[in-house]
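Written out below as structure tokens is the structure these notes cover.
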Protein chains: 2
Amino acid sequence: MAEEIARTASASSTVLRPVSNASRVAALQRIHDFLEAGKQEILAANKVDLETAEKANVAAPLVKRLDLSKGDKFDAMLQGILDVASLPDPIGKVTYANRLDDGLDLYRVTCPIGVLLVIFESRPEVIANITALAIKSANAVILKGGKESFHSFGAISRLVREALAGTEIPPGAVQLIESRQEVSELLKQDKYIDLVVPRGSNELVRSIKDNTKIPVLGHADGLCSVYIHGDADLDMARRIVVDAKTNYVAGCNAAESLLVQRSALQSHLPTVAKSLIDAGVTLKVTPEIAEALKECGAEGTWNATIMAAEEKDFDTEFLSLTMAVAAVGGVEDAIKHINTHSSKHTDSIVTASKETADRFMNGVDSSGVYWNASTRFADGFRYGFGTEVGISTSKIHARGPVGLEGLTCYQYQLRGNGQVASDYVGAGGQKQFKHGKIDI
Amino acid sequence: MAEEIARTASASSTVLRPVSNASRVAALQRIHDFLEAGKQEILAANKVDLETAEKANVAAPLVKRLDLSKGDKFDAMLQGILDVASLPDPIGKVTYANRLDDGLDLYRVTCPIGVLLVIFESRPEVIANITALAIKSANAVILKGGKESFHSFGAISRLVREALAGTEIPPGAVQLIESRQEVSELLKQDKYIDLVVPRGSNELVRSIKDNTKIPVLGHADGLCSVYIHGDADLDMARRIVVDAKTNYVAGCNAAESLLVQRSALQSHLPTVAKSLIDAGVTLKVTPEIAEALKECGAEGTWNATIMAAEEKDFDTEFLSLTMAVAAVGGVEDAIKHINTHSSKHTDSIVTASKETADRFMNGVDSSGVYWNASTRFADGFRYGFGTEVGISTSKIHARGPVGLEGLTCYQYQLRGNGQVASDYVGAGGQKQFKHGKIDI
């Protein structure tokens, strides 16, 4: 069953990959129109999900996230499809060209990856977003959403398939699956599935990474940090740390660790610590930090919110108003600490010195390295990608916030007029390669 | 032990990543000089390997490959180091830039991947080549070579470490390991090792892919094909097919399958088949192909070299003078056949029509798609990369022949002056992102 789904996706991918951007955009417009026309049908299905969730005593915030009728959620979902449709075509871009010899031209051209398996949470509007991303990038997709939106997903995907029936996109290019059992079977279909994109809890991502040979685009952890160098502007440091920690504690780009240069323990630490505590943050500190806070008379006032850190606190994604704090000797120490403990997501330095900042940015091995800015900017929309597929902490392919580009790869197109290798040096012949530039 | 090696490599990577191109080039020059000065020491060690191999009755061609004193092999090895050193710096290139807001500039900059584990065959000169590639791309590397060159590797790596001692490259950035046991332990160190590059037999690559969660850059199979469209120039088709099949049968870019459009079974097939058979190729053919060859009177003459194909022959990398041959209805059929059976390496169409060629190249999901050229051109040197790390059949990161670029990824550097997310829309504030172009 899973193999059949994967094989269908793979066969559909062959049909979808050469479809022009105009036809892909037309298909997305048609999906938009069908979902608009089917609004009542979708909301009716959504109501069944809501009632089921309430009966099952699902927590109120989760129920709220399921509700497609709230505010402008439905219209925003429809608009999102048009937004993705209007992005530049990510396919067919020439990124390298080389004239190997007269009449033998090599082009590196962006192309879809092939078949995506996207596993996502229960928000029903996400299915429309992912469908749009997949079709825009000419990838076939297998979708698995959270079970709480079962009926909503069913209604939306039915309409998507009806819409696709009148387009160049084969219906098998977008398949919805429903059981968790099928997911574990699909994760074995590395012959047909090229990339898994899990969007959900860290546990979900980790469990998927542990159970498949298919490459995974995603992040299991967001362990970000801010390093305050001794020459940092104090108020800037304070504002950046507070924003990075408290703006949205559940975000993967929220800071979990604070590193302070030893020379700044008196000048910077107390003010920054006080602002964090005022914002409700609990500090888990090393003995050195505790001592520094005590010396400046902090201990008495703040005792309840300052705790002794354990080593593992610097490897913990708190996702709450908690922050681990340590002192380091300087930028070299900070780099070492971050490369050892961070999840290679996003790390920031606050310093007045461009040289120090450059040292930090070239030394820290994370997908985002920031100078005088909050880690919270790590986001596809803020980066200007127009849309976000997810955030990757992988070291290859796509890193950091991933736009449509992350759903593409490339292929080499060689255009000749009958050339054979045996005419050239290295393969038995005498001809030399010319290797000249072709203007792209 | 393996964990210690991997942790050392990871720590060395932190030291190596910011080292300038000038210093990396200087280190490579120094390695070159040390190996040049140590020639007698290396050749003495190499002689021990040769004697050991002869005593163990290792096959003569393999012994020959071990011999560093043959011809210009030693000098070529030394020159190879300087060639890699003189390539453009792959690190620090800005590939995307976006002004998010006034004073908040985002740059996407190429950077090393981190830690490589490279497993390679017994040719002793390969260790110098891989060391050069790793240092040039600022990656730490763990090297494991074939056991037949044990002493040669030891001598070369000792000299490399001595040479590095006088440079900015930490000695732990290049580590040689010796036992196969350690490899299987290293394959578990996904916390420290970022990419495995196996260079060797298909069995080796497949076994590594099956036994690690670390991404693997390589190809287990090279199942390439040539498709002859009905309008192809007959002599061009004949020359391309013969070159692709016979120029170097052990190459991963050699063709294993031939597809012929039905309309060309009389016009093209007999001539092409005769040339293949004259070149010593055994054809494994479908009944339809057999019939076509019989009809044109071929059967009597060629019987011994034409065999009935089984379905699995189209999924087999023969690596010998054997070729599977089938008929297809046209370019659509050819695309489907190739996307089902090929290993996504390199596939070629011979046709007089640009439109048909474009259809083929946009439809075939392989890293190389060729028009009127032999599949044998799939090679980093022929592509003009200056060097080749390997050939990848992966669908993400690097595909096809991989140059130095495949050993790099990128990170986002954000340069601000104190910006915090909570000032901007979407995170609680009112400021809008400007998203303006920065000229690179």
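Selection over segment A:377-395 of residues that are modelled with pLDDT of 95 or more and either of a type in the set (Val, Ile, Thr) or touching an Asp or Glu at 6+ places or on another chain (Cβ under 6 Å) (or both) gives a count of 0.
Filtered by the rule that a residue be facing chain A (nearest Cβ under 7 Å), part of a helix (DSSP H, G or I) and open to solvent by less than 10 Å² (accessible area, probe 1.4 Å), segment B:353-395 gives B:MET361, B:GLY363, B:PHE377.
Residue pairs whose Cβ atoms lie under 7 Å apart, sitting 6 or more positions apart in sequence or on different chains, and linking a residue in segment A:1-18 that is within 11 Å of chain B (Cβ to nearest Cβ) and part of a helix (DSSP H, G or I) to a partner that is among the basic types (Lys, Arg) and open to solvent by 40 Å² or more (accessible area, probe 1.4 Å), are A:THR14/B:LYS336. Of the residues making up segment B:396-418, those that are assigned to a strand (DSSP E or B) and within 7 Å of chain A (Cβ to nearest Cβ) are B:GLY400, B:CYS409, B:TYR410, B:GLN411, B:TYR412, B:GLN413, B:LEU414, B:ARG415, B:GLY416, B:ASN417, B:GLY418.
Looking at B:TYR248 and the list (1) hydroxyl-bearing (Ser, Thr, Tyr); (2) closer than 18 Å to A:VAL420 by Cβ; (3) not assigned by TED's automatic domain parsing to the domain that holds B:THR322, which single condition is not satisfied? Status for B:TYR248: all satisfied but (3).
Among the candidates A:ILE156, A:ILE214, A:ILE169, the residue that is outside any helix (DSSP H, G or I), open to solvent by less than 20 Å² (accessible area, probe 1.4 Å), farther than 30 Å from A:THR375 by Cβ and modelled with pLDDT of 90 or more is uniquely A:ILE169.
For A:ALA427, the criteria (1) at the interface with another protein chain (Cβ under 9 Å from one of its Cβ atoms); (2) touching a helix residue (DSSP H, G or I) at 6+ places or on another chain (Cβ under 7 Å); (3) modelled with pLDDT of 95 or more hold in every case but one, which is (3). Restricting the first member to segment A:235-247 and to residues that are within 7 Å of another protein chain (Cβ to nearest Cβ), and the second to residues that are open to solvent by less than 40 Å² (accessible area, probe 1.4 Å) and in a helix (DSSP H, G or I), the beta-carbon pairs closer than 8 Å and six or more apart or on different chains are A:ASP243/A:ARG376; A:ASP243/B:ALA421; A:ASN247/A:ARG376; A:ASN247/B:ALA421. Checking every residue in segment A:141-156 against the condition of being closer than 20 Å to A:CYS409 by Cα, aliphatic (A, V, I, L, M) and in contact with a helix residue (DSSP H, G or I) (Cβ under 8 Å, 6 or more places away or on another chain) gives at least one match.
Has segment A:88-111 got at least one residue that is away from chain B (no Cβ under 12 Å), out of contact with any helix residue (DSSP H, G or I) (no Cβ under 6 Å at 6 or more places or on another chain) and part of a helix (DSSP H, G or I)? The answer is no, given that none of the residues of segment A:88-111 is away from chain B (no Cβ under 12 Å), out of contact with any helix residue (DSSP H, G or I) (no Cβ under 6 Å at 6 or more places or on another chain) and part of a helix (DSSP H, G or I).
Taken as a whole, the condition of being open to solvent by 20 Å² or more (accessible area, probe 1.4 Å) and in the same structural domain as A:LEU195 (by TED's automatic domain parsing) does not apply to A:ALA27. B:GLY222 meets the conditions (1) part of a helix (DSSP H, G or I); (2) under 28 Å from the mean Cα position of the chain (by Cα); (3) not polar (S, T, N, Q) in every case but one. The failed one is (1). Taken over segment A:184-198, the criterion of being of a type outside the set (Ser, Thr, Tyr), surrounded by fewer than 21 Cβ atoms within 10 Å (Cβ to Cβ) and away from chain B (no Cβ under 14 Å) is satisfied by A:GLU185 alone. All conditions in (1) of a type outside the set (Phe, Trp, Tyr); (2) open to solvent by less than 10 Å² (accessible area, probe 1.4 Å); (3) without any contact (Cβ under 8 Å) to a residue 12 or more places away in the chain hold for B:SER137, with the sole exception of (3). In summary, B:GLN430 fulfils each of the numbered conditions (1) surrounded by fewer than 22 Cβ atoms within 10 Å (Cβ to Cβ); (2) touching a residue at least 60 places away in the same chain (Cβ under 8 Å) with the single exception of condition (2).
In segment B:396-412, the count of residues that are acidic (Asp, Glu) and buried (at least 20 other Cβ atoms within 10 Å of the Cβ) is zero. Of all the residues that make up segment B:38-67, how many are within 26 Å of B:ALA140 (Cα to Cα) and either part of a loop (DSSP other than H, G, I, E, B) or free of Cβ contacts under 8 Å to residues at least 60 places away in the same chain (or both)? Here the count works out to 2.
The values are calculated or read from the model by the stated rules, or taken from the named source; none is laboratory data. Since the structure is predicted, the reported quantities are computational estimates derived from the model, not experimental observations. Every residue, glycine among them, receives a Cβ derived from its backbone with ideal geometry; neighbour counts consider all protein chains shown. Please note that ligands, DNA and RNA were not included when accessible areas were found on the heavy atoms of the full protein model with its side chains. Shrake-Rupley method; radii C 1.70, N 1.55, O 1.52, S 1.80 Å.
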